[in-house]
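Report on one structure; see the data block that follows.
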Amino acid sequence: MIASVVGAVLAGVLAAPAVRGLVVRYAVPEGEPWRTACPSCARELRGLPPTGRCPGCRTGLGPGAWQVEAVTAAAAAGALAAGRPSDALLLLWVAGVGVVLGFTDARVHRLPYPLSWTLAAGLAVLLTVLELVDGSPGVLLRCLLVALAAGALFELPVWLGLMGPGDSVLALGLGALLGRYGWSAALTGLVAVVLLAGLWSVGVLVAALVRGRPVRGLEVPMGPFLLLGTLLAVLVQP
């Protein structure tokens, strides 16, 4: 297990430049085109160094130095530690795309459809293959039901204008994942998401009051909490 976790950390660090490049690409405000080049020197953006600066002009792009690298490595290690060996590919897929989604949502409060639907589609394929190989196709029905329930639950706040449409798509995909582990895992994930988002909101509110700053609005980026709550729910499964 230790060797697997160390390997996952190294793999996460190696994948981080590409992950950072995707964060910079998709973390743009609603209505703007995806960022494919450095806004200062027009250099094409692909992999980016851990400093978070453009290799051409040294302009700062995206999250701060080593933030993406640390989270990617931790997510990869957590994915391997959380599941059975047969789940490794499934959870690593969620970790890889999830890091991009989490950072993007945290920066611009949106979950782009190309990312959220890619995550959901990949989960659908991988879950189908795993359950058929395991000889338990009946679990697929539960995955579908949990996915639909999670998507519908998070679609209501979207209709009310309290969340972005990408949140319900992400919930749909992650719901399918939790369905593999059972209804109790789905309930645990929901409780974890609500608690984490609530604690973050309270922390932001208290920090604003302590600093004497006005609280004009409290937009909660649900993406990171959906992903983290799902990971915690998988971790506590026997």
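The values are calculated or read from the model by the stated rules, or taken from the named source; none is laboratory data. What you see is a predicted model; the values in this text were computed from it and never measured. Positions of Cβ are generated from backbone atoms using ideal geometry, with glycine treated the same way; all protein chains shown enter the neighbour counts. Keep in mind that these areas ignore ligands, DNA and RNA; they rest on the heavy atoms of the full protein, side chains included. Shrake-Rupley method; radii C 1.70, N 1.55, O 1.52, S 1.80 Å.
Please work out which residue is farthest from L172 (Cα to Cα), limiting yourself to the range 77-91 and to residues that are crowded, with 20+ Cβ neighbours inside 10 Å and among the hydrophobic types (A, V, I, L, M, F, W, C).
The selected residue is A77.
Tell me, yes or no, whether the range 136-151 has at least one residue that is closer than 21 Å to W93 by Cα, open to solvent by less than 60 Å² (accessible area, probe 1.4 Å) and among the charged types (D, E, K, R).
No, there is no match, as no residue in the range 136-151 is closer than 21 Å to W93 by Cα, open to solvent by less than 60 Å² (accessible area, probe 1.4 Å) and among the charged types (D, E, K, R).
Could you please find all residues in the range 92-137 being among the basic types (K, R) and either under 19 Å from R180 (Cα atoms) or outside any helix (DSSP H, G or I) (or both)? It would help to see each step written out before you state the result.
From the range 92-137, those among the basic types (K, R) are 107, 110; that's our starting set.
R110 - this is the single residue of the range 92-137 that is among the basic types (K, R) and either under 19 Å from R180 (Cα atoms) or outside any helix (DSSP H, G or I) (or both).
Residue by residue through the range 102-135, note down the ones that are touching a residue at least 24 places away in the same chain (Cβ under 8 Å), open to solvent by 60 Å² or more (accessible area, probe 1.4 Å) and either among the basic types (K, R) or closer than 21 Å to Y26 by Cβ (or both).
R107, H109, Y113, W117
Of all the residues that make up the range 1-45, how many are in a loop (DSSP other than H, G, I, E, B), modelled with pLDDT under 85 and exposed (fewer than 13 other Cβ atoms within 10 Å of the Cβ)?
Taking the range 1-45 first, the residues in a loop (DSSP other than H, G, I, E, B) are 1, 27-36, 38-43, 45.
Remaining after also requiring modelled with pLDDT under 85: 1, 45.
Those still in the list that are exposed (fewer than 13 other Cβ atoms within 10 Å of the Cβ) too: 1.
Residues flagged as in a loop (DSSP other than H, G, I, E, B), modelled with pLDDT under 85 and exposed (fewer than 13 other Cβ atoms within 10 Å of the Cβ) within the range 1-45 amount to 1.
Name the residue that is most open to solvent (accessible area, probe 1.4 Å), counting only residues in the range 193-221 that are assigned to a helix (DSSP H, G or I) and touching a Phe, Trp or Tyr at 6+ places or on another chain (Cβ under 8 Å). Spell out the reasoning first.
Looking only at the range 193-221, we keep the residues that are assigned to a helix (DSSP H, G or I), and these are 193-210.
Checking which are touching a Phe, Trp or Tyr at 6+ places or on another chain (Cβ under 8 Å) leaves us with 193, 196-197, 200.
Working: V193: 7, L196: 44, A197: 11, W200: 93 Å².
Looking at residues that are assigned to a helix (DSSP H, G or I) and touching a Phe, Trp or Tyr at 6+ places or on another chain (Cβ under 8 Å), I get W200.
Tally the residues that are at pLDDT 90 or above and open to solvent by less than 50 Å² (accessible area, probe 1.4 Å), restricting the search to the range 158-192.
21
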